[in-house]
1. For the chain, take the alpha-carbon Rg, divide it by the Kirkwood Rh, and send me Rg/Rh.
2. Report, in degrees rounded to the nearest 10, the 0 to 90 angle that the Cα long axis of helix 50-64 makes with the longest principal axis of the chain.
3. Tell me the mean residue ellipticity at 222 nm calculated for the chain from its helices only (DSSP H runs of n ≥ 4, each -39500 (n - 2.57), averaged over every residue, nearest 500).
4. Label points 7 Å out from Cα along the Cβ direction at residue 82 and residue 4: separation in nm?
5. How would you rank 48-54, 28-34, highest first, on the average number of other Cβ atoms within 10 Å across their residues?
6. Before anything else, pin down the relative contact order of the chain: Cα pairs under 8 Å, at least 6 apart, normalised by residue count, whole percent.
């Protein structure tokens, strides 16, 4: 899985395409805070780590942009609990 996580600002989401299927993480950006609201991984990608790779890439990009992160999406909440290397981004 060497695909790149890309930000799609026009749709307020991050995307990861694998084998023609699209995983996405939607967000709201306001006052330097990126709030992750929804993560979706199609059935064809489930069990392949696509959602984790997507969120990892999205958090790296948020960090590079100097943003703080809030998670209202349960998947992102769980990811942040397991990956404390991103604790500095959380508000």
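The numbers here are math on the coordinates, done by the rules we state, and not lab data. Note that the structure is predicted; figures quoted are calculated from it, not measured. Cβ atoms come from the backbone with ideal geometry, glycine included; neighbour counts cover every protein chain shown.
1. 0.94
2. Taking Cα atoms only, the helix is inclined about 30 degrees.
3. It lands at -8000 deg cm²/dmol.
4. Going from the residue 82 label point to the residue 4 one covers 2.6 nm.
5. Taking the mean over residues of other Cβ atoms within 10 Å, the ranking is 48-54, 28-34.
6. About 24 percent, as a whole number.
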